[in-house]
Amino acid sequence: KFIDIFEKIKNSLEGFDYFEELETHLVKNSIFKWVRNFIARNENCFENEDFIDFLDDLQISGTISPELFQELMEIIHVGVDQMVKEWIPKLSSEFIHKWIHLWLPLLSQERLKDTFAIIVAKFGIALQEWELFDKRGFDLLTPWFKIISQSQWDSLLLRNIIPKFLYGFENLEIN
């Protein structure tokens, strides 16, 4: 297992005068480089549960310092953010929560705040064409109920959902 091998190399460096600098150099030239290459070469890397498990194991094992792990998560966040920016809800056959929710344990809510704002804005665009009785609107939004902020929900409801309901009620035929 990669982490075990890396841990052995790291342990062999302990005791050197510049251990922290050596560790940082080792991490950035092995793990960081591998992660960047993996992201660049794999279109669906953020949906890859083995990749997420590797990073989770890396964090849990304490193989790299918390500071370096957070720096690594920033690399991941940039990639996740880019995928969200490229995501087009109307053209996507899968809902975004199916892959982005996998990252919630590793990427903090605070770090993802701006990413969530982009997602909510794209929801708003997708909901403009949503028909009141189309269940996909409900399916799209339900997984986000506990993730996005109350103010984001309020805005989404006021701009995109309540007007659809009002229009639906105004045009409802009662026999």
Q: Mind sorting out which of (1) 21.5, 86; (2) 28.9, 94; (3) 27.0, 91 is the real Rg and Dmax of the Cα atoms in Å computed from the coordinates?
A: (1)
Q | Potential lengthening between Phe145 and Asp53 on full extension [0.36 nm per residue; Cα-Cα distance subtracted] | A | 30.6 nm
Q: State the Cα centre-to-centre distance between the range 17-32 and the range 97-157 in whole Å.
A: 38 Å
Q: Show which lysines lie in cross-link reach of Lys85 when reach means a straight Cα distance below 27 angstrom and same-chain residues fewer than eight apart are skipped.
A: Lys28, Lys33, Lys98, Lys113, Lys122, Lys135, Lys146, Lys164
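So which helices of the chain fit the span-like rule, where a helix is a whole DSSP H run, its Cα atoms reach 24 Å or more along the axis, and its mean Kyte-Doolittle is at least 0.0?
Values: long enough: 66-86 (30 Å, 0.10); 109-128 (28 Å, 0.44).
Helices meeting the criterion: 66-86, 109-128.
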**Q.** Accessible area expressed per residue, the chain, with surrounding protein chains retained (probe 1.4 Å, Å²)
**A.** 65 Å²
Q: Sort Phe69, Phe169 from largest to smallest accessible area, using a 1.4 Å probe on the heavy atoms of the protein chains.
A: Phe169, Phe69
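What do you reckon, how do Asp4, Asp139 stack up by accessible area (1.4 Å probe), largest on top?
Working: Asp4 85, Asp139 45 Å².
Output order, biggest surface exposure first: Asp4, Asp139.
Give me the extension gain from Glu131 to Phe165: residue separation times 0.36 nm, minus the current Cα-Cα distance, reported in nm with one decimal. Intermediate values should be presented prior to the final figure.
Working: separation 34, 0.36 × 34 = 12.24 nm, distance 0.96 nm.
Roughly 11.3 nm would be gained on extension.
Based on Cβ point charges of +1 for Lys and Arg and -1 for Asp and Glu, what charge dipole magnitude is obtained for the range 62-175 about its Cα centre, in debye rounded to the nearest 20?
Values: 11 positive and 15 negative charges, 26 e Å.
Dipole of the range 62-175, to the nearest 20 debye: 120 debye.
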Q: Give me the percent of the accessible area of the chain that comes from carbon and sulfur atoms, probe 1.4 Å, all protein chains in place.
A: 55 percent
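The values are calculated or read from the model by the stated rules, or taken from the named source; none is laboratory data. This one's a predicted model, so the numbers in the text were calculated from it and none came from an experiment. Reconstructed Cβ throughout: ideal geometry from the backbone, glycine too, with neighbour counts over all protein chains shown. Remember, those area values only see protein heavy atoms, side chains included, never the ligands or the DNA or RNA. Shrake-Rupley method; radii C 1.70, N 1.55, O 1.52, S 1.80 Å.
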